[in-house]
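Q: Structure incoming, see below.
The values are calculated or read from the model by the stated rules, or taken from the named source; none is laboratory data. Keep in mind the model is a prediction, meaning the values are calculated, not measured. Cβ atoms come from the backbone with ideal geometry, glycine included; neighbour counts cover every protein chain shown. Note: areas computed on protein heavy atoms with side chains; ligands, DNA, RNA excluded. Shrake-Rupley method; radii C 1.70, N 1.55, O 1.52, S 1.80 Å.
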Amino acid sequence: MLAAAAIMLASCGGQQGKMGDDEYAVRTIETQSTELQTTYPATIRGVQDVEIRPMVSGFITKMYVKEGQAVKKGQVLFEINKVAYEAAVRQAKAAVNSAAAQLNTSKLTYENNQKLFANNVIGTYELESSKNAYENAQAALAQAKASYVSAKQNLDYCYVTSPSNGVVGELPYRVGALVSASSAQPLTTVSDINTMQVYFSMTEKDLLDLTKEKGGLHAAISDYPAVKLQLADGTTYNHEGKVAAVSGVIDQSTGSVSMRADFPNPEHLLKSGGSGNIVVPHTSSAAIVIPQDAVAQVQDRYFVYILGKDNKVKYSPVTVNPDNDGKNYIIESGLKVGDKIVVSGITTLKDGMKITPITEEQYQQKLKKTSQMGAHQNDLNKLKEDFAK
């Protein structure tokens, strides 16, 4: 049995043929069409983030909402102690009634003095005095009515309502808390999150390139591709967004321009104040793409082995696009069409080393045959162990 196994192994080895240790897979550089993407840090905001603040001072007596609750425009959120404001309304109403009565008296006096003056019973002074008293009474009534309206408005302000549809944010105050218009924190924030506005910044250079390519900023925004949103947990949001606005001012401290993309939010998954990354896809029709196995990384620099005409390799730096798929690199500089690079086994290479170039297909066949030899060797070893037993 042992002899038969040895004959079988020798036969397989003879079929394989000799493979030199200086053989390396080499690829000739060509361009291809590829999908690229650029990511930008982003901040998520609701279409409306409205701070809810009281218009009057007082203690909170009732809370009608909870954090995260969806509310409608005009819905009551809080109630502030209204006893003092109800009393102010009654007082203002009484002042209106008193001013109205005083006006009626002044009117009768003035009308009577007009008749007396016509009959030469009283002089001009008495007539003008009654006229002035009548006009003062009219002004006093108007002032009383204004105070009444103001008092009623203050009473209405005791019911704090939502200015828009949205979702209630944090509730820092509880029943019994004293609040006023000057309080440091708002009562809450109501955010309209049916559509989310995602803000990100693009460099001035990128914006100029985009504007020149499309023939203007308006055209660039109109033709801007749909963008994606990468959430904080690394997943991609399942709705695409559209760039809707670009700031007209460049931030001098960062050299960037603020942009806004709008995303639908029907499931209310996105929350105002969240963060993520805007992913902008774009297609390159002449990209140089090579496997990551062909690239050596030393700290933040990247190198490849370029094959020369004398079959000697040269250790050459390249610049790679920071976005990749985990298997390939997109080369931005350092390689050109027609260059030949080593794509496998580069860890055993040295600068100036002479190699025997083979195709990637030949290299795979070599690996396959080497694997088969290893399997046959394992079989032979097992037969030896069985024979020894």
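Q: Take Ser129 and Ala84, extend 7 Å from each Cα along the Cα→Cβ direction, and tell me the distance between the two endpoints in nm.
A: Roughly 4.3 nm, to one decimal.
Q: Which GluC sites (Glu not before Pro) does the stretch 183-247 hold that lie in a coil by DSSP with at most 12 other beta carbons within 10 Å?
A: Values: sites: Glu204, Glu213, Glu240; in loops: Glu240.
Sparse-neighbourhood loop GluC sites (Glu not before Pro): none present.
Q: Here is a follow-up. At what distance in nm do the modelled label points of Ala232 and Lys369 sit from each other, each positioned 7 Å from its Cα along Cα→Cβ?
A: Placing both labels 7 Å along Cα→Cβ, they lie 5.7 nm apart.
Q: With unit charges on the beta carbons (Lys and Arg positive, Asp and Glu negative) and the dipole taken about the Cα centre of the chain, which residue among Pro264, Thr189, Tyr329 sits farthest to the positive side?
A: Sorting the options by dipole projection puts first Thr189.
Q: If R0 is 41 Å, what FRET efficiency do you get for Thr105 and Gln153 from their C-beta distance, rounded to 0.05?
A: 0.90
Q: Still on this model: How many lysine pairs in the stretch 97-169, separated by 8 or more positions in sequence or lying on different chains, have Cα atoms less than 26 Å apart?
A: Values: Lys107/Lys115; Lys107/Lys131; Lys107/Lys145; Lys115/Lys131; Lys131/Lys145.
Count of close lysine pairs: 5.
Q: Here's another thing I want to ask about it. If DNA, RNA and ligands are ignored and the probe is 1.4 Å, what is the ranking of Glu23, Glu128 by accessible area, most exposed first?
A: Order by accessible area, largest first: Glu128, Glu23.
Q: Which whole-angstrom value gives the distance between the alpha carbon centres of the stretch 204-249 and the stretch 256-285?
A: 9
Q: Report, in degrees rounded to the nearest 10, the 0 to 90 angle that the Cα long axis of helix 204-214 makes with the longest principal axis of the chain.
A: 90
Q: A further question on this structure: If you count only protein heavy atoms with a 1.4 Å probe, what accessible area per residue comes out for the stretch 129-193, rounded to a whole Å²? List each step's numbers first, then the result.
A: Working: 3310 Å² over 65 residues.
It amounts to 51 Å² per residue over the stretch 129-193.
Q: Go ahead and estimate [θ] at 222 nm for the chain from helices alone: -39,500 (n - 2.57) per DSSP H run with n ≥ 4, summed, over the residue count, rounded to 500.
A: Values: 6 runs with 130 residues, N = 389.
Theoretical 222 nm ellipticity from helices: -11500 deg cm²/dmol.
Q: Explain nothing, just the number: relative contact order of the stretch 37-168, from Cα pairs under 8 Å at least 6 residues apart, as a whole percent.
A: Answer for the stretch 37-168 is 45 percent.
Q: Using alpha carbons only, how many degrees (0 to 90, rounded to 10) separate the axis of helix 360-388 from the longest principal axis of the chain?
A: 70
Q: So how strong a dipole does the stretch 217-324 carry about its Cα centre when Lys and Arg Cβ are +1 and Asp and Glu Cβ are -1, to the nearest 20 debye?
A: 340
Q: On the accessible surface of the chain, probed at 1.4 Å, how many percent belong to carbon and sulfur atoms? Show your work: numbers first, answer last.
A: Working: 12040 of 23400 Å².
The computed percentage sits at 51.
Q: Can you tell me the orientation of helix 83-118 relative to the chain, as the angle in degrees between its alpha-carbon axis and the longest Cα principal axis, to the nearest 10?
A: 40
Q: Please go through the residue pairs Lys73/Lys271; Lys205/Lys340; Lys73/Lys242; Lys73/Lys93 and name each one whose alpha carbons sit more than 25 Å apart in this structure.
A: Details: Lys73/Lys271 19 Å; Lys205/Lys340 33 Å; Lys73/Lys242 27 Å; Lys73/Lys93 30 Å.
The answer is Lys205/Lys340; Lys73/Lys242; Lys73/Lys93.
Q: Which order do the peptides 345-351, 295-301, 60-66 take when ranked by the mean count of other beta-carbon atoms within 10 Å per residue, highest first?
A: Ranking, from highest mean packing down: 60-66, 345-351, 295-301.
Q: What aspartates and glutamates does Lys212 reach when the alpha-carbon gap must be under 16 Å and sequence neighbours fewer than 8 apart in one chain are set aside?
A: Glu204, Asp223
Q: Throw me the Rg/Rh for the stretch 172-305, computed over C-alpha atoms with Kirkwood Rh, two decimals.
A: Value, to two decimals: 1.12.
Q: Using +1 on the beta carbon of Lys and Arg, -1 on that of Asp and Glu, and nothing else charged, what's the dipole of the chain about the Cα centre, debye to 20?
A: Taking the Cα centre of the chain as origin, the dipole is about 580 debye.
Q: Give the cross-link partners of Lys336 among the aspartates and glutamates, using a straight C-alpha distance below 14 Å as the criterion and excluding same-chain residues fewer than 8 apart.
A: Glu30
Q: Which of the peptides 306-312, 75-81 is most tightly packed, and how do the rest follow, going by the mean number of other Cβ atoms within 10 Å of each residue?
A: Descending mean neighbour count gives 75-81, 306-312.
Q: If you average 1/r across every pair of different Cα atoms in the stretch 98-254 and take the reciprocal, what Kirkwood value do you get, in Å?
A: For the stretch 98-254, inverting the mean 1/r across all distinct Cα pairs yields 23.8 Å.
Q: Taking 8 Å as the Cα distance limit and 6 or more residues as the minimum spacing, I'd like the relative contact order of the stretch 127-207 as a percentage.
A: Once divided by the residue count of the stretch 127-207, the mean separation gives 27 percent.
Q: Once you keep just the Cα pairs under 8 angstrom separated by 6 or more residues, what percentage relative contact order results for the stretch 293-374?
A: Values: 104 pairs, mean separation 25.3, N = 82.
Relative CO of the stretch 293-374 lands at 31 percent.
Q: Quick one, which of (1) -0.68; (2) -0.30; (3) -0.36 is the actual log10 I(q)/I(0) by the Debye sum over Cα atoms at q = 0.07 Å⁻¹ calculated for this model?
A: (1)
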